[in-house]
Structure formats: C-alpha cells, structure tokens
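The values are calculated or read from the model by the stated rules, or taken from the named source; none is laboratory data. Model, not experiment: these values are computed from the prediction. As a convention, Cβ positions derive from the backbone with ideal geometry for all residues, glycine included, and neighbour counts pool all protein chains shown. Areas reflect the complete protein model, heavy atoms only, side chains present, ligands, DNA and RNA absent. Shrake-Rupley method; radii C 1.70, N 1.55, O 1.52, S 1.80 Å.
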Amino acid sequence: MIVIPYSDFFENPSLYQKKAELFGIKILPKKSEKKVSKRVQRKLDALNAVIGMIPSDINVDSLLQERRMSK
C-alpha cells in the first residue's frame, strides 16, 4: 500500500490521478472522524468537567499505585 499525504495530493492531484490510471491504484477518500456514542460523549464531558479540580501538587500516579497495591 502506498500512502500519500493529502497535502501532497492536493498540490498536484492530476499527477496522482494519472498514476492511478496507469498503475491501477485506487485513490481512497479521506476518512471522516468516527462519531462518538452519546454514552461515551457523556463520559468525556464528565472527565473534561473535572480537569483542573485536582491540585497540581498532588501526584496522582503515586496515589493510584498505592490504591492498586492495597487491593
């Protein structure tokens, strides 16, 4: 599979279209972003709401490690 950046393709699309015709290369459309389900979006919104609530002087990684060890 040959991958070409969209910026290169859009600079000279006729070049790549000619090559596609000659070599039988298929030019795929740009993938759209996946839609997020409402359930996942609610969770993301909840996570974004708490960003910044934990003081910066607290080491969250060490607290999570301690919690995992205690279980």
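Tabulated data
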read-out	value
Rounded percent of accessible protein surface that carbon and sulfur make up, the chain, 1.4 Å probe	59 percent
Options [x] -0.39, -0.75; [y] -0.61, -0.83; [z] -0.69, -0.88 - which one matches log10 I(q)/I(0) by the Debye sum over Cα atoms at q = 0.13, 0.19 Å⁻¹ as calculated here	[z]
Test item: Cα-centred dipole of the chain, Lys/Arg +1 and Asp/Glu -1 on Cβ, debye	560 debye
Order by protection proxy (mean Cβ within 10 Å, highest first), peptides 10-19, 29-38	10-19, 29-38
Extreme residue, positive dipole direction of the stretch 1-58, given options Phe23, Ile54, Asn12 (C-beta unit charges)	Phe23
